[in-house]
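The values are calculated or read from the model by the stated rules, or taken from the named source; none is laboratory data. Since this is a predicted model, take the numbers as computed values, not measurements. Methodologically, a virtual Cβ is constructed for each residue, glycine included, from the backbone with ideal geometry; neighbour enumeration extends over all protein chains shown. The protein model used for the area step is the full one, side chains on, heavy atoms only, and it has no ligands, DNA or RNA in it. Shrake-Rupley method; radii C 1.70, N 1.55, O 1.52, S 1.80 Å.
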Amino acid sequence: MIEIKKLTKQADNKLILRSVDLSIKKGETVAILGPNGAGKSTLLKVLATLIKPTSGQVVINGLDLKKNAISIKKLLGYLPHSSLLYDHYSPLENLIFFGNIYGVNKVEEKAIKLVKDVGLSFFLNEPVKNFSRGMIQRIAIARAIVHDPEILLLDEPHTGLDQGAISILNNVILSMKEKGATTLMVTHDFKQAAEICDRIIIVKNGKIVDDFVIEDHNLTFVSEKYELQVEGIS
Ligand SMILES: Nc1ncnc2c1ncn2[C@@H]1O[C@H](COP(=O)(O)OP(=O)(O)OP(=O)(O)O)[C@@H](O)[C@H]1O
Ligand SMILES: [Mg+2]
């Protein structure tokens, strides 16, 4: 359902993505690992239709990204490094605002439920500007899924979350998976990757250097593969 062929991205004479080929099936939960500056967020931004590739092809659900960016956007829930929330709005107002953009039915009901799901009902009407980093991340997660996207693109989603919020996020991802959603998650947190993902991709210098299935949440296997590819230890 996501087909990436010979994808390159160049900026300021620097090749950020170098001929990336990647195929992801519906319902897969995929972690993208790799060192700082490898090109992981750039790959996610291309898929989120926020930046244009220099060359290559991306097809999502049979739609070519170059020609169908608006239709593709409706399928996506994107959680970037920054929250995209409006500071002066409350969680309820933010979720209603974003829900309306996507034409969500019964948007207020949905927003209230999502705020409850991320454990912030008590702060439903407080402006987001007073929130801690973890609280903002919780609402940002709710914002990313307000329209029940088929594809989740998550950029370091566990950063700043406490244990309770990590469980909430993992449950969100797993329950979306049960509904058939596909998740691509950039992370430096191998433990969470092993916990919830069924496939791992390692990116280094703008290229995919490893791509494997993970079974039984085997964290040691992930760490060993990473060390081998990224740190050259065998
Ligand atoms: N708009 C841009 N113009 C020039 N260079 C860019 C641009 N965007 C990203 N880069 C460069 O591309 C490289 C990859 O950046 P990217 O944000 O994709 O890395 P990353 O793998 O997500 O790293 P991190 O783990 O630190 O988040 C970096 O060297 C970065 O400086
Ligand atoms: Mg990044």
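Worth pointing out:
- Selected residue (criterion: farthest from residue 76 (Cα to Cα)) from residues of the stretch 151-173 that are in contact (Cβ under 8 Å) with a residue 40 or more places away in the chain and more than 13 Å from ligand 1 (Cβ to nearest atom): 164
- Residue within the stretch 96-109 that is surrounded by 19 or more Cβ atoms within 10 Å (Cβ to Cβ), at pLDDT 95 or above and within 20 Å of residue 183 (Cβ to Cβ) present: yes
- Looking across the stretch 1-57 at every residue that is within 9 Å of ligand 1 (Cβ to nearest atom) and within 15 Å of residue 76 (Cα to Cα), the one that is surrounded by the fewest Cβ atoms within 10 Å (Cβ to Cβ) is identified as 51.
- Helices (runs of 4 or more DSSP H) contained in the stretch 36-101 and holding at least 3 residues away from ligand 2 (no atom under 16 Å from the Cβ): 69-75, 91-101
- In summary, residue 204 fulfils each of the numbered conditions (1) surrounded by 15 or more Cβ atoms within 10 Å (Cβ to Cβ); (2) free of Cβ contacts under 8 Å to residues at least 60 places away in the same chain; (3) over 15 Å from the mean Cα position of the chain (by Cα); (4) farther than 24 Å from residue 109 by Cα with the single exception of condition (2).
- Only one entry of 63, 76 meets the criterion of being among the hydrophobic types (A, V, I, L, M, F, W, C), away from ligand 1 (no atom under 16 Å from the Cβ) and open to solvent by 40 Å² or more (accessible area, probe 1.4 Å), and that entry is 63.
- The condition (being away from ligand 2 (no atom under 16 Å from the Cβ) and over 17 Å from residue 182 (Cα atoms)) is satisfied by just one residue among 5, 26, 14: 5.
- From the options 133, 143, residue that is open to solvent by 10 Å² or more (accessible area, probe 1.4 Å) and more than 25 Å from residue 71 (Cα to Cα): 133
- Every listed requirement among (1) open to solvent by less than 10 Å² (accessible area, probe 1.4 Å); (2) closer than 20 Å to residue 24 by Cβ is met by residue 212 save one, (1).
- Some residue of the stretch 178-187 being open to solvent by less than 20 Å² (accessible area, probe 1.4 Å), outside any helix (DSSP H, G or I) and touching a Phe, Trp or Tyr at 6+ places or on another chain (Cβ under 6 Å): no
- One residue from 69, 48 being among the small types (Gly, Ala, Ser) and in contact (Cβ under 8 Å) with a residue 24 or more places away in the chain: 48
- Scanning the stretch 113-130 for residues that are more than 29 Å from residue 30 (Cα to Cα), open to solvent by 10 Å² or more (accessible area, probe 1.4 Å) and not in a loop (DSSP other than H, G, I, E, B) gives 121, 122, 123, 129, 130.
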